[in-house]
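The values are calculated or read from the model by the stated rules, or taken from the named source; none is laboratory data. Every value quoted in this text rests on a predicted model; they were computed, and no experiment measured them. Counting neighbours? That spans all protein chains shown, and the Cβs are built from the backbone with ideal geometry, glycine included. Areas reflect the complete protein model, heavy atoms only, side chains present, ligands, DNA and RNA absent. Shrake-Rupley method; radii C 1.70, N 1.55, O 1.52, S 1.80 Å.
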Amino acid sequence: MTQISPLAAHALCRRCDPDSLPFGSTSELEDLTEIIGQDRAVAAIGFGIGIHRVGYNLFVFGPPGSGKHTTVREYVERRAIAEKTPSDWCYVNNFADSHKPIALELPPGKGRRLRDDVEWLLKELRVVLPATFASESYRARKEAIEQAVKNRQAKAFEDLSAKARGRGIALARLPVGFMLAPLKEDRILPPEEFSALEEKERQEIESKTAELRTELQSVLDQFPEWERESREELKQLDEEVTVLAVRRAVDSLRVTYAGLSRVIEHIDRLQQDVIDHVQDFLNSSDSEVLSILGPVAGFSVGPAALRRYGVNVVIDHGDEKGAPVVYEDHPSHPNVVGSVEHIAQLGTLVTDFLLIKPGALHRANGGYLLLDARELLMQPYAWDGVKQALRSGKIRVQSIGQMLGIASTVTLEPDPIPLDLKVILLGDRLTYYLLDLLDPRFPELFKVAVDFEDDIDRSNENDLLFSRLIATIARREKLLPLAKEAVARVLDQSARSCGDSEKFSMRVGLLVDLLREADHWARENRREATTAADVQHAIDAGIERANRLQQRIYEEIRRGTVLIDTTGEEVGQVNGLSLVDLGRYAFGRPSRITASVRLGKGEVVDIERETELGGPIHSKGVLILGGLLGSRYANDRPFALSASLVFEQSYGPVEGDSASLAELIALLSALSEVPVRQCVAVTGSVNQQGQVQAVGGVNEKIEAFFDVCRAAGLTGEQGVVIPAANQKHLMLRADVVEAAAAGRFRVWPVETVDQAIEVTTGAPAGERDASGKYPDRSVNGRVEARLTAFGEKLREFGRVPPSDSATVGFP
């Protein structure tokens with residue numbers, strides 16, 4: 001029998017010696033400028049940012065609280081400040097088709113200047129144009145044109161009147177028209193005298209009158225044409241005057257934007273539209289509603305009719321240096337892609353180009369856009385909008401209704417804006433791998449994976465670097481400096497939080513929370529620096545806030561409601577240890593595992609699985625036990641066993657294989673009828689070769705059994721069997737280490753099932769001799785003898801056909 005010694009107290013927790021830290025407090029340390037422990041991630045970020053090819057966007061993933069967002073943002077901002085500031089973009093009215101606004105690209109800062117210049121132009125024209133049309137020269141020229149047509153009409157009438165008089169006919173203008181009447185001695189002949197004339201003379205007069213009436217009608221028919229010509233002359237005059245007035249104001253804009261051809265084209269179109277609609281500047285007043293739509297960005301002057309001349313600056317980089325870095329914390333489709341807003345007007349939704357609103361893609365264009373992957377995927381059609389923009393290389397502002405073809409209101413179709421930026425998604429590993437598996441476009445668009453480490457190696461060099469990180473966080477958060485003893489305690493807790501004495505956790509979020517809470521308690525105690533006691537107080541207070549369920553379970557164990565023995569011996573009964581994970585807090589839970597055996601046909605029944613409470617990994621562990629038993633004890637004979645395993649008083653799901661070692665010991669105890677010491681708890685998984693494998697949560701499991709034993713009274717015999725591979729993970733509480741140092745609690749590392757058997761039963765496991773037999777008094781010998789007896793009985797009953805005598809398996 002090989003004696004397995006319990007671990008020494010110093011092996012149960014690796015403490016950082018405060019004297020090994022070369023400083024008195026964090027106030028003596030410089031800020032940490034480099035990113036520690038993330039060499040792979042930093043290299044991937046540098047590659048993704050540096051390569052300027054389509055599809056090389058980044059997906060940054062890692063454990064929650066690992067500082068992904070802060071790290072990436074700081075890295076990108078340092079890079080962006082040295083890069084070129086991107087262009088401004090404006091939307092202006094398309095005078096040919098107002099439903100398709102035109103996008104204009106301008107140098108940084110020129111967008112707002114164009115908006116202000118156009119606003120100044122409108123103000124200027126609203127003063128200059130009315131003044132021009134009210135000037136003496138304009139009125140004189142207008143009156144001359146109007147008088148010319150009047151004179152022309154008057155002359156035509158006078159000529160016809162003279163011609164008529166020469167024929168003895170008078171042409172007179174009446175209020176309701178014209179009249180032709182015969183003359184006699186320069187007087188109009190009364191009707192009675194006209195009737196007294198001879199028939200021949202009357203006919204002659206009527207003939208002349210008819211001819212003159214035809215000529216009069218011909219002259220009158222020319223009056224509308226002369227008036228049209230007059231109006232045309234007046235229009236040409238107005239246009240000439242407007243062109244002169246507008247050109248003086250517009251020429252200065254042409255000089256300002258001389259190198260921007262599309263802007264010049266827009267200015268030309270604007271000038272022509274002003275000329276075509278000059279009456280909007282003459283007939284409107286400030287008392288008119290500034291459009292029922294109200295004042296908006298890009299237009300703050302004049303009446304509604306002048307809105308079409310405004311400039312909507314959707315991207316303004318005038319106050320920025322370098323490339324933009326944008327983080328959108330609410331990545332809905334409108335917030336990312338942009339939107340066209342509508343306003344209710346008299347029961348109808350109306351819009352125009354001034355109501356085009358930019359999205360995060362617009363603001364980050366030419367730079368970097370950071371998005372939370374989970375938030376983006378949860379917003380309807382936002383992910384589709386980002387993919388569409390990246391694939392097309394253009395930002396196309398459209399509503400979800402337009403995307404789906406169900407828009408019921410008249411809306412706009414703005415010019416798309418060219419897209420050139422890096423999109424950086426931040427998420428967890430599961431999201432990344434699911435997208436990579438399920439979305440065929442994802443690998444094309446996000447070619448760079450940035451995987452953050454969960455932890456870093458613990459070394460003297462990293463101790464100092466981690467201390468500088470603590471100092472940096474303390475200064476950034478405006479916390480009290482930490483004494484070196486407090487820093488050492490934080491280092492130990494970081495190793496504990498990642499469950500490995502040789503690692504530091506890189507979950508910076510948890511570190512920041514711990515430092516803030518320790519600072520709170522230090523200030524409560526009116527200290528000038530945070531001490532190790534304050535850090536411990538913060539740790540204990542955090543546990544106290546989260547461990548209500550744990551305390552209730554332990555209370556039920558103390559009261560005997562949940563049956564857990566810590567003394568004595570029992571056959572087929574073992575104290576197993578499981579882990580309860582509540583997210584930010586996890587604790588161990590002792591559970592009684594029992595096994596019963598009988599004659600059967602090679603069945604090991606997992607009651608948890610049969611009742612659908614056992615998860616697939618737990619079921620796999622039980623099946624491995626069956627394979628181990630069959631190959632080890634019944635390799636050349638029938639495996640005539642029927643056994644059942646169960647977690648007693650378990651009313652919820654059971655998952656994981658960390659109890660498989662305890663279940664195997666319970667089975668071997670039931671078969672060999674060798675009792676198991678109840679002062680020992682067991683955790684660990686096994687393989688089919690009988691090797692004990694590492695499990696998770698080993699610290700919490702040991703501490704759970706320690707707490708139960710301490711409540712019942714420590715005898716010095718109690719302890720926990722763990723896999724030897726878990727020794728490097730041990731970071732136990734100080735009270736557990738102290739109890740081990742005093743010989744009141746033990747932790748045994750085992751590598752094989754046989755070692756675990758000897759610790760838990762106190763009996764030798766036994767090894768096969770040269771003839772291949774186990775010693776009769778050993779546990780293995782007893783098990784093999786029991787299974788052999790089962791096989792013989794099964795043969796006697798004739799349950800196993802001869803051809804199946806060497807078969808080991810399950811039905």
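Quick rundown of the values:
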| read-out | value |
| --- | --- |
| Among the residues listed as T71, T33, the single one being open to solvent by less than 70 Å² (accessible area, probe 1.4 Å) and modelled with pLDDT under 90 | T71 |
| Helices (runs of 4 or more DSSP H) contained in segment 443-555 and holding at least 2 residues more than 30 Å from V54 (Cβ to Cβ), open to solvent by 10 Å² or more (accessible area, probe 1.4 Å) and aliphatic (A, V, I, L, M) | 460-476, 508-524, 532-546 |
| Pairs with Cβ under 8 Å, 6+ apart, first in segment 411-438 and under 30 Å from E341 (Cβ atoms), second of a type in the set (S, T, Y) and open to solvent by 20 Å² or more (accessible area, probe 1.4 Å) | T411/T351; T411/S399; L412/T351; P416/S392; L419/S392; K422/Y56 |
| Test result for I593, open to solvent by less than 20 Å² (accessible area, probe 1.4 Å), more than 29 Å from F797 (Cβ to Cβ), touching a residue at least 24 places away in the same chain (Cβ under 8 Å) and in contact with an Asp or Glu (Cβ under 9 Å, 6 or more places away or on another chain) | yes |
| Top-ranked residue in segment 737-778 [being closer than 20 Å to N687 by Cα and in a loop (DSSP other than H, G, I, E, B); ranked as farthest from the chain's Cα centre (by Cα)] | R768 |
| Residue within segment 704-727 that is part of a helix (DSSP H, G or I), under 47 Å from the mean Cα position of the chain (by Cα), farther than 30 Å from R458 by Cα and β-branched (V, I, T) present | yes |
| Filter result for the condition that a residue is of a type in the set (S, T, Y), open to solvent by 60 Å² or more (accessible area, probe 1.4 Å) and more than 29 Å from T348 (Cβ to Cβ), over Y381, Y433 | Y433 |
| Among (1) touching a residue at least 24 places away in the same chain (Cβ under 8 Å); (2) within 27 Å of H69 (Cα to Cα); (3) surrounded by fewer than 23 Cβ atoms within 10 Å (Cβ to Cβ), the one test that S399 misses | (2) |
| Residue match in segment 616-628 (condition: over 19 Å from S660 (Cβ atoms), β-branched (V, I, T) and not in a strand (DSSP E or B)) | no |
| Options L628, L641; residue that is in contact (Cβ under 8 Å) with a residue 12 or more places away in the chain and either of a type in the set (K, R) or buried (at least 23 other Cβ atoms within 10 Å of the Cβ) (or both) | L641 |
| Inter-residue pairs, beta-carbon under 8 Å, first polar (S, T, N, Q) and in segment 132-144, second open to solvent by less than 60 Å² (accessible area, probe 1.4 Å), 6+ apart | T132/Y138; T132/V241; T132/T242; T132/A245 |
| Pairs with Cβ under 9 Å, 6+ apart, first in segment 645-663 and without any contact (Cβ under 8 Å) to a residue 24 or more places away in the chain, second part of a loop (DSSP other than H, G, I, E, B) and crowded, with 22+ Cβ neighbours inside 10 Å | none |
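Results for (1) among the basic types (K, R); (2) more than 30 Å from F353 (Cβ to Cβ); (3) in a loop (DSSP other than H, G, I, E, B), shown as yes or no for each residue.
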| residue | (1), (2), (3) |
| --- | --- |
| S27 | no, yes, no |
| G48 | no, yes, no |
| H52 | no, yes, yes |
| F59 | no, yes, no |
| G65 | no, yes, yes |
| T71 | no, yes, no |
| V76 | no, yes, no |
| Y91 | no, no, no |
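So that you can scan it fast, the table gives a plain yes or no per residue for (1) touching an Asp or Glu at 6+ places or on another chain (Cβ under 6 Å); (2) open to solvent by less than 30 Å² (accessible area, probe 1.4 Å); (3) part of a helix (DSSP H, G or I):
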{"position": "L171", "(1), (2), (3)": "no, yes, no"}
{"position": "M179", "(1), (2), (3)": "no, no, no"}
{"position": "L183", "(1), (2), (3)": "no, no, no"}
{"position": "S195", "(1), (2), (3)": "no, no, yes"}
{"position": "R202", "(1), (2), (3)": "no, no, yes"}
{"position": "A210", "(1), (2), (3)": "no, no, yes"}
{"position": "L220", "(1), (2), (3)": "no, no, yes"}
